[in-house]
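Just below is one structure, and these are the notes that go with it.
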Amino acid sequence: MKIAGIVLNKENKEVYRTLIKRGPSDAGLPGCYWLEATGADYDLTLPTVVVPGETWETTVPGTLGNHHTTLTAYKRIEIASGTQSWNESYQQTNLVLASGAVLDLKGVTGTFSLHRLTLHDGAKVTTANSGLVVAEEGIRYIRTFTGIDRWESVALPFTADRIMTEEADADAPGGKRITPLLPATGTGTAGNFWLKTMNAGGTLQNVSTTEMTANVSYLMAVPSQLQDKAIMFVSGPNQLLRRDKVTAVKPASGFASYANGTLDELTVNEYCYVLNDAGDAYERKTTAVILPFRGYLLADANTTTIKPQLRIGVITDAVVPATLEQLRIHTLPGRVVIESLREEQIRIYTLDGRLLRALRIPTGYTEIVLPRGLYIINRQKIIINQ
C-alpha cells in the first residue's frame, strides 16, 4: 500500500526503498532493499548470495526517512584466535576480534583506515610508535558480566555515549533486538546498571552523566536482567587504534584511580591496588598487568605500607539483587525504592514474620516510606537506615 510516498509492509510498518553499495569505492549497481525506519541505528547483514562466502553489513540510520537513500556496506572480517599482523585487506572493513585474539600493528608504516573495529573482552591491539590505523566509524567493545550485583573494573579508552545489548530476534529489523542501557545516575536508583567512581578520599560516588568518559576508571555492576548478556559500549567516530597510556601520578595523600588507556596490556611497576575477582576489594600488588578496558588504584605511601587490601563491600549498603519477579529493590534513608518491569504484588513483612503492608505497585519506580529496621520484601531481606 502506498499513500503519498509512504510505503507500509505487511506488518503495517513504514519502509523505504534503499540502495546499498558494497564498499565506498564500489562502481557497480547498488542492491535495492525495503528497509524499516525504527528511530534508532541498527546493523543489517546482506544476504549471503550477494557475495558467496563473504559477510557484508551496513548500518541503517535511525534517521532513515526518504526513498532512494544510498548506504554503504562493509565486509566483515573476524579474527577468531591467535595473533594476526595488519593486512592491507583489512582496510575499509568491519574488523571483529574475538576474545583472546590479537591484532598486531607493530609493522604498520603509513596511515590506514578500518571502517569499524569490534573488540570482544579479552582481545587486544598491540601497536608501535610508527604507523597509524583509524577506525572511521569507531570502536565497539563487547563484554559479558557474569556476576549479579558484583563490582567489575571498567575503563574505556574512548567516551561511550551509546551503551546497549543486542539479542537475536527474527522479527526485529536486522534480526536483532537492540536495548539501550543507561547507568544509574544521581541517587543511583534509576537506570539499567550501577556505575561508580572513587574519589580521593576512597569513597564510591554515583555518576552524574549517562555517558561513560574516556580514561575514567569505573566500578560497574549489573542486575540479574543483564547477567550473561553481552553489553556493547560504542565510541564516536575516527578512533585511533594506537593509544598512549594514561600518565599515573602517585598521590601525596588519599587515592587516585587510573585507566589502562590503551587497547593493549599495561604493566604497572610500582605498588598499586587491583580489584579482585570477587569484586569486593582492591588488593595490593607490587607490580601488576592491567588488562585492556580495566583500571587500578594508586594510594599514598602510608596507605600502601599498612593496607594490603581495600574493601569496598557490596554494590551499596542497600542494594538487593533482583528477584524472580524482575524487581529491583534499593533503599534510601527512611524508604525503600522498587523498580518493576510490570505491575507486581508486593508484601512487606517484619523480620519476625508479621505482614506489615500488601500493595500492588505499577510498572516503573515506586517509593515506600518505612521506619528504620529489618524487613522482608518478596522474600528479600533489606535494611532501612534513617
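Determine if segment 299-312 includes at least one residue that is modelled with pLDDT under 85, closer than 19 Å to ALA184 by Cβ and surrounded by 15 or more Cβ atoms within 10 Å (Cβ to Cβ).
Among the residues of segment 299-312, at least one is modelled with pLDDT under 85, closer than 19 Å to ALA184 by Cβ and surrounded by 15 or more Cβ atoms within 10 Å (Cβ to Cβ), which makes the answer yes.
Taking the stated definitions as given, is PRO321 at pLDDT 80 or above and touching a Pro at 6+ places or on another chain (Cβ under 9 Å)?
no
Could you list, in sequence order, the residues of segment 208-227 that are of a type in the set (A, V, I, L, M, F, W, C), in contact with a Phe, Trp or Tyr (Cβ under 8 Å, 6 or more places away or on another chain) and part of a loop (DSSP other than H, G, I, E, B)?
First pass over segment 208-227, keeping only residues of a type in the set (A, V, I, L, M, F, W, C): 212, 214, 216, 219-222, 226.
Filter once more, keeping what is in contact with a Phe, Trp or Tyr (Cβ under 8 Å, 6 or more places away or on another chain): 212, 214, 219-222, 226.
Within segment 208-227, ALA214 is the sole residue that qualifies.
Name the strands (runs of 3 or more DSSP E) wholly inside segment 127-207 in which the number of residues that are within 20 Å of the chain's Cα centre (by Cα) and crowded, with 18+ Cβ neighbours inside 10 Å is 2 or more.
Values: elements: 132-144, 152-154, 162-168, 176-180, 194-198, 204-206.
Where strands (runs of 3 or more DSSP E) fall fully within segment 127-207 and carry at least 2 residues being within 20 Å of the chain's Cα centre (by Cα) and crowded, with 18+ Cβ neighbours inside 10 Å, they are 132-144, 152-154, 162-168, 194-198.
Please specify each residue of segment 83-93 satisfying the condition of being at pLDDT 95 or above and either more than 13 Å from VAL133 (Cα to Cα) or of a type in the set (Asp, Glu) (or both).
THR83, GLN84
Can you name every residue in segment 275-290 that is touching a residue at least 40 places away in the same chain (Cβ under 8 Å) and surrounded by fewer than 21 Cβ atoms within 10 Å (Cβ to Cβ)? Working first, answer last.
Within segment 275-290, the first condition is being touching a residue at least 40 places away in the same chain (Cβ under 8 Å), and the residues that meet it are 275, 278-280.
ALA278, GLY279, ASP280 - these are the residues of segment 275-290 that are touching a residue at least 40 places away in the same chain (Cβ under 8 Å) and surrounded by fewer than 21 Cβ atoms within 10 Å (Cβ to Cβ).
Only one residue in ALA214, ALA221, ALA200 is hydrophobic (A, V, I, L, M, F, W, C) and at pLDDT 95 or above, so which one is that?
The conditions single out ALA214.
Restricting segment 330-386 to residues that are among the polar types (S, T, N, Q) and farther than 23 Å from GLY186 by Cα, which is modelled with the highest pLDDT?
Selected residue: THR350.
Listed here are the residues, each with its yes/no results for (1) among the aliphatic types (A, V, I, L, M); (2) touching a Ser or Thr at 6+ places or on another chain (Cβ under 7 Å); (3) more than 30 Å from ALA252 (Cβ to Cβ).
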{"site": "THR126", "(1), (2), (3)": "no, no, yes"}
{"site": "GLU136", "(1), (2), (3)": "no, yes, yes"}
{"site": "ILE142", "(1), (2), (3)": "yes, yes, yes"}
{"site": "THR146", "(1), (2), (3)": "no, no, yes"}
{"site": "THR159", "(1), (2), (3)": "no, yes, no"}
{"site": "ASP169", "(1), (2), (3)": "no, no, yes"}
{"site": "LYS176", "(1), (2), (3)": "no, no, yes"}
{"site": "PRO183", "(1), (2), (3)": "no, yes, yes"}
{"site": "GLY202", "(1), (2), (3)": "no, no, no"}
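In segment 30-57, which residue that is among the polar types (S, T, N, Q) and touching a strand residue (DSSP E or B) at 6+ places or on another chain (Cβ under 7 Å) is surrounded by the most Cβ atoms within 10 Å (Cβ to Cβ)?
THR55
How many residues are surrounded by fewer than 18 Cβ atoms within 10 Å (Cβ to Cβ) and either touching a helix residue (DSSP H, G or I) at 6+ places or on another chain (Cβ under 6 Å) or assigned to a loop (DSSP other than H, G, I, E, B) (or both) when one looks only at segment 99-126?
Adding up the residues that qualify gives 7.
Return a yes/no flag: does segment 71-81 have any residue that is surrounded by fewer than 19 Cβ atoms within 10 Å (Cβ to Cβ) and part of a loop (DSSP other than H, G, I, E, B).
yes
So that you can scan it fast, the table gives a plain yes or no per residue for (1) outside any loop (DSSP other than H, G, I, E, B); (2) touching a residue at least 12 places away in the same chain (Cβ under 8 Å):
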| residue | (1), (2) |
| --- | --- |
| CYS32 | yes, yes |
| PRO47 | no, no |
| VAL50 | no, yes |
| THR58 | yes, yes |
| ASN66 | no, yes |
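Can you name every residue in segment 246-267 that is over 25 Å from the mean Cα position of the chain (by Cα) and either without any contact (Cβ under 8 Å) to a residue 24 or more places away in the chain or in a strand (DSSP E or B) (or both)?
Residues of segment 246-267 that are over 25 Å from the mean Cα position of the chain (by Cα), as a first pass: 249-255.
Within segment 246-267, just PHE255 meets the criteria.
The values are calculated or read from the model by the stated rules, or taken from the named source; none is laboratory data. Keep in mind it's a predicted model, so treat the numbers as computed, not measured. Reconstructed Cβ throughout: ideal geometry from the backbone, glycine too, with neighbour counts over all protein chains shown.
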